[in-house]
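The values are calculated or read from the model by the stated rules, or taken from the named source; none is laboratory data. None of these values were measured; they are calculated from a predicted model. Neighbour counts run over all protein chains shown; Cβ positions are idealised from the backbone, glycine included. The protein model used for the area step is the full one, side chains on, heavy atoms only, and it has no ligands, DNA or RNA in it. Shrake-Rupley method; radii C 1.70, N 1.55, O 1.52, S 1.80 Å.
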Amino acid sequence: MTAAQGLRQPLERLYREFDYGARIELDAIRFPLRYTDLRDREIVGLLTACLAYGRVDLFSRQLEGVLAAMGPSPAEFVRGFDARRDAPAFGSFWYRFNRPRDLVAFCVAARDLLLRHGTLEKCFLAGDAAAAGPIGPALERFARAFLEADLREVFVRGKISRGYRHLFPLPSAGGPCKRLQLFLRWMVRRESPDFGLWTSISPARLLMPIDTHVENISRSIGLTRRRSRNWKMAEEITARLALIDAADPVKFDFALCHKRMSGDCLDRRDARVCTPCGFKPVCLHWKGRRA
Ligand code: SF4
């Protein structure tokens, strides 16, 4: 039996039987899910994903304040954004690398891109000339559209802040770009809990958003042997998942991430936790040991 055959059944079962409802309120996806208007969901999805680093409880608290300041329609807030008038709304925001002016810059860039393209999806598609093949070049152009926006009204000396740059990692830098991959998963995948708003992009082109939880469990079940969490690891894990579902390889992301996050996998042998786990026959932590 190949490794992919050994993983197919437990992965599909995990995907099918996972209790998504029990975990959604603990996941960043809950923020864009609050909005029924698709344009709100798109802009809140991007802002949430950009800030989704570090401890979930800490960034969630900060994001709650930001969304409250943006009012009932964040998309309308961004479209009518006036830096001089609206910047004070973010005055109390303070999260690790990011300061209020980074949010002001986000709103200025998003406002101008929405004015030019109409939606974030169209902005993404403008940089996706091939509309097929690897997603990296299009994601690079999308991130660059924000990084190279005219932000002189925010950064008067013309030098953008480190915090703003941190919001938009570039694939060309070699990192996994987990937050932008997560944003794409939310927008593109057609099945719940994702939104399926960006219908012109195939889910087959997405890459796994690799955070520490997905990295750990992927290594345990043999999806990767790489030591560094980077773009190549995201490609390798996605390629192995594509052997199981080529049309939608990142569908396993939510369940794998939350299995590890919730303590249903401790990334080590544990008789109590591992006994019901479907991955036990293929798990490296149990290799060579009797069940
Ligand atoms: S067998 Fe245990 S360590 Fe391996 S994936 Fe399952 S829960 Fe995690």
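List of remarks:
- All lysines inside 22 Å of Lys280 as judged from Cα atoms, apart from same-chain residues fewer than 8 positions distant: Lys251, Lys259
- Rounded tilt (10° steps) of 136-147 against the dominant C-alpha axis of the chain: 30 degrees
- Carbon/sulfur fraction of accessible area - the chain, other protein chains in place, 1.4 Å, %: 51 percent
- Sparse-neighbourhood loop sites, chymotrypsin sites (Phe, Trp or Tyr not before Pro) in segment 73-110 - DSSP loop, at most 12 other Cβ within 10 angstrom: Trp94
- Sum of side-chain charges, Asp248 neighbourhood, beta-carbon under 9 Å (Lys, Arg +1; Asp, Glu -1): +1
- Each of Gly91, Val66, Ile160 was scored by the projection of its Cα onto the charge dipole of the chain, and the greatest displacement toward the positive side belongs to Ile160; charges sit on the C-beta of Lys, Arg, Asp and Glu.
- The residues of the chain present an accessible area of 48 Å² per residue when probed at 1.4 Å with all protein chains retained.
- Whichever lysines have a C-alpha closer than 17 Å to that of Lys159, once near sequence neighbours (fewer than 8 apart) are set aside: none
- Gaussian network model of the chain, springs between alpha carbon atoms under 10 Å - residue of Val250, Val156, Val214 with greatest fluctuation: Val156
- Set of segment 1-40 residues, backbone N closer than 15 Å to the point 7 Å along the Cα-Cβ line of Asp57: 26-27
- For segment 29-43, putting each phi into the Karplus relation 6.51 cos²θ - 1.76 cosθ + 1.60 with θ = phi - 60° gives couplings of 4, 5, 5, x, 5, 5, 9, 8, 5, 5, 5, 5, 4, 5, 6 Hz, in residue order, rounded to whole numbers and with x for Gly and Pro.
- Crossing angle, helix 56-70 versus the chain [Cα axis fit, 0-90 degrees, rounded to tens]: 30 degrees
- Mean separation of Cα contacts under 8 Å, 6 or more apart, over the residue count of the chain: relative contact order %: 17 percent
- Evaluated with a Cβ-only charge set (Lys, Arg +1; Asp, Glu -1), the chain carries a dipole of roughly 1140 debye about its Cα centre, given to the nearest 20.
- Rounded to whole Å, sorted largest first: equivalent-ellipsoid semi-axes of the chain, Cα gyration tensor: 36, 20, 17
- Given R0 = 25 Å, the distance between the Cβ atoms of Lys287 and Arg227 translates into a calculated FRET efficiency of 0.85.
- For His285, solvent-accessible area (1.4 Å; no DNA, RNA or ligand), Å²: 60 Å²
- Partners of Lys122 within straight-line reach, counting lysines whose Cα lies under 23 Å from its Cα and excluding those fewer than 8 residues away in the same chain: Lys178.
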